[in-house]
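Undergrad: Got a structure here, written out as structure tokens. Questions coming.
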Amino acid sequence: MTARLPVFPLGTVLFPGLVLPLHIFEDRYRALVRHLVGLPEGTPREFGVVAIRAGWEVGPTAPDGRPLPGDDVTLHEVGCTAELRQVTELPDGGYDIVTVGRRRFRMGTVDRASAPYLTAEVEWLPEPDAPDEAAELPAARVIAVFRQYLGLIRADPAEIPEQLPEDPTVLSHLVAATAALTIADRQRLLAIDDTAARLRAELRLLNREAALLRQVRAVPVPLKELAAPPTPN
């Protein structure tokens with residue numbers, strides 16, 4: 001099944017169930033928020049968040065808010081919809097919004113001309129609709145290693161959650177979004193359809209990161225920078 005979605009390129013990867021607050025200041029995305037708010041009651045107010053492979057979130061625009069020629073970004077194929085949950089209009093005409101990741105998709109043809117913002121044909125990716133017994137064992141292993149990993153990166157034990165999600169799919173999304181991984185690592189995890197396979201991949205990544213942290217006993221780069229686009233010189 002396919003659909004057409006507004007697309008918001010970002011220097012981050014969104015996962016289903018995770019909260020994503022955004023400050024909207026570009027005219028094109030102000031138009032997107034107005035479009036979503038104006039949809040009929042009961043219509044899903046969601047747009048696609050797709051991580052940028054190359055390029056920048058903010059680019060030059062024409063007076064009508066449309067991207068100027070040359071304002072191109074290269075995007076990853078797999079993204080996640082962000083459902084609009086809260087909108088605060090600001091005095092300057094911008095918005096502070098709160099969204100929640102909802103469902104994964106694979107992006108097809110991108111339309112750069114019919115709206116001030118990008119739109120794209122998307123294909124919804126499968127999500128498990130029943131408990132996956134094959135994911136229970138890797139989920140238990142991920143929980144154990146994830147707790148050890150959190151103990152290495154968080155000095156205060158109170159910051160380590162006592163409970164983690166029991167649902168393996170929810171757990172896999174939380175770990176992918178919380179661990180200090182690169183955008184490339186997170187993108188690969190988002191693109192995995194099978195929960196058990198995603199958990200096994202996370203187990204390898206967590207073991208890798210934990211081993212490095214034990215060696216250096218410190219994170220060499222601020223965690224927020226690992227998931228942020230590079231700053232131009």
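Undergrad: Tell me, what HN-Hα J-couplings in whole Hz come from the Karplus equation 6.51 cos²θ - 1.76 cosθ + 1.60 at θ = phi - 60° for each residue of segment 23-32, using x for Gly and Pro?
TA: Listing the rounded values in order: 9, 9, 10, 6, 4, 4, 8, 4, 4, 5 Hz.
Undergrad: So, with +1 on the Cβ of K and R and -1 on the Cβ of D and E, and no other charges, what is the size of the charge dipole of segment 1-58 about its Cα centre, to the nearest 20 debye?
TA: Using only the charged Cβ atoms, the result is roughly 100 debye.
Undergrad: Still on this structure: Put +1 on the Cβ of every Lys and Arg and -1 on every Asp and Glu Cβ in segment 105-202; which of Pro165, Tyr149, Ala191 then has its Cα farthest towards the positive end of the dipole?
TA: Tyr149
Undergrad: Dividing the convex hull volume of the Cα atoms of segment 131-216 by its residue count, what figure in Å³ per residue is obtained?
TA: Working: hull volume 7.1 nm³, N = 86.
Spelled out: Cα convex hull of segment 131-216, divided by residues, is 82 Å³.
Undergrad: Starting from 0.36 nm per residue, how many nanometres of slack lie between Phe25 and Ala3 once their C-alpha separation is accounted for?
TA: Going from the current span to full extension adds 5.3 nm.
Undergrad: While we're looking at this one, here's another question. About the Cα centre of segment 1-122, how large is the charge dipole given +1 on each Lys and Arg Cβ and -1 on each Asp and Glu Cβ? Please answer in debye to the nearest 20.
TA: I would put it at about 400 debye.
Undergrad: Each residue of segment 37-53 in turn: what ³J(HN,Hα) in whole Hz from Karplus with 6.51, -1.76, 1.60 and θ = phi - 60°, glycine and Pro shown as x?
TA: So the Karplus estimates, Gly and Pro as x, are 5, x, 5, x, 4, x, 7, x, 9, 9, 9, x, 9, 10, 6, 7, 7 Hz.
Undergrad: Then there is this: Which FRET efficiency, nearest 0.05, do Asp92 and Glu127 yield, Cβ-Cβ r, R0 25 Å?
TA: According to the calculation, E is roughly 0.05.
Undergrad: Contour minus end-to-end for His35 and Ala140, with contour as 0.36 nm per residue of separation and end-to-end as the Cα-Cα distance? If you can, show how the numbers build up before the last one.
TA: Values: separation 105, 0.36 × 105 = 37.80 nm, distance 4.27 nm.
Value of the extension gain: 33.5 nm.
Undergrad: With unit charges on the beta carbons (Lys and Arg positive, Asp and Glu negative) and the dipole taken about the Cα centre of segment 1-122, which residue among His35, Ala113, Leu5 sits farthest to the positive side?
TA: Looking along the dipole axis, the top candidate is Leu5.
Undergrad: Right, next: For Glu166 and Asp111 in the same chain, what is the full-extension length gain: residue separation times 0.36 nm, less their Cα-Cα distance, in nm?
TA: Gain in length upon complete extension: 15.8 nm.
Undergrad: Given N residues in segment 1-122, what is Rg(Cα) / (2.2 N^0.38 Å)? Before the final figure, lay out the partial values.
TA: Working: Rg = 13.5 Å, N = 122, 2.2 N^0.38 = 13.7 Å.
Working it through for segment 1-122, the quotient is 0.99.
Readers should treat all values here as calculations from the given coordinates under stated rules, not as data from a laboratory. None of the values given here were measured: they were computed from a predicted structure. Because the Cβ atoms are built from the backbone with ideal geometry, glycine has one as well, and the counts that use them run over all protein chains shown.
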